Amino acid sequence: GQNIDQPTEMTATEGAIVQINCTYQTSGFNGLFWYQQHAGEAPTFLSYNVLDGLEEKGRFSSFLSRSKGYSYLLLKELQMKDSASYLCAVRDRDYNYGQNFVFGPGTRLSVLP
Amino acid sequence: EAQVTQNPRYLITVTGKKLTVTCSQNMNHEYMSWYRQDPGLGLRQIYYSMNVEVTDKGDVPEGYKVSRKEKRNFPLILESPSPNQTSLYFCASSLADTRDYNEQFFGPGTRLTVL
């Protein structure tokens, strides 16, 4: 079956570094996405991994290990505005077979002063 | 401004009364999708469409219908809503080429309550 796991909640201090883990078991794999969602708002795209390794984008980095079914999102120099939910999602089919997305439950991050 | 719009943003209705939630995008995206978001369960895909007249079921399609007669619109239809369809609904769109990441752009959400 399809399953994506993330920690439910995390707390960190302003200026610190936090790592949010995601493990997945899906029927197929064609990319892993991280989205940020502030309370009451729509998700917005943060990062994408399809090959193993680290993708860096400013204060945010995302890592993927396909053999382990594992990804993490690393947030550096945390700011208060980073308080949000972080959603891990797997695209489990390619264009020829549709484009199905499976989302994890999300990790609610609270950044404290 | 590039955007995905949904209407209505909030709706309270009663069991069995047919309703439609509209979704429209102005980015000429081929791919559109509907999700519902429930506490502890995250976003779950209801239906998606790879292009005009091409739709497919996601993980939770029961009780929903969709149509894709035009590229920009992808309405979600609840023929006979039930209380377990009370949820926050998001429409999303993206380019369909899966050789690249082609991020999904989400609408602002529709909060539906079925009494």
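The values are calculated or read from the model by the stated rules, or taken from the named source; none is laboratory data. As the structure is a computational prediction, the values presented were derived from the model and not from experiment. Cβ coordinates were reconstructed from backbone atoms using ideal geometry, including for glycine residues, and neighbour counts include every protein chain displayed.
Cβ separations smaller than 6 Å between residues 6+ apart or across chains give the following pairs from segment B:50-64 residues that are at the interface with chain A (Cβ under 10 Å from one of its Cβ atoms) to residues that are assigned to a loop (DSSP other than H, G, I, E, B) and among the small types (Gly, Ala, Ser): B:50/B:96. Of everything in segment A:1-48, what is assigned to a strand (DSSP E or B), at the interface with chain B (Cβ under 8 Å from one of its Cβ atoms) and free of Cβ contacts under 8 Å to residues at least 40 places away in the same chain? Give them in sequence order. Hits for segment A:1-48 are A:44, A:45, A:48.
Scanning segment B:7-35 for residues that are aliphatic (A, V, I, L, M) and within 14 Å of another protein chain (Cβ to nearest Cβ) yields a count of 2. Here residue B:46 fits the description: more than 9 Å from every other protein chain (Cβ to nearest Cβ), buried (at least 19 other Cβ atoms within 10 Å of the Cβ) and not in a loop (DSSP other than H, G, I, E, B). Conditions first: (1) under 23 Å from residue A:8 (Cβ atoms); (2) at pLDDT 95 or above. Residue A:54 passes all but one, so which condition is the exception? Result: residue A:54 passes all but (1). Against the condition surrounded by fewer than 20 Cβ atoms within 10 Å (Cβ to Cβ), in contact with a strand residue (DSSP E or B) (Cβ under 6 Å, 6 or more places away or on another chain) and either farther than 17 Å from residue A:101 by Cα or among the basic types (Lys, Arg) (or both), how does residue B:76 come out, does it pass? When the stated conditions are applied, residue B:76 does not pass them. Scanning segment A:61-94 for residues that are part of a loop (DSSP other than H, G, I, E, B) and in contact with an Asp or Glu (Cβ under 7 Å, 6 or more places away or on another chain), which turns out nearest to the other protein chains (Cβ to nearest Cβ)? Looking at the filtered set, the residue picked out is A:66.
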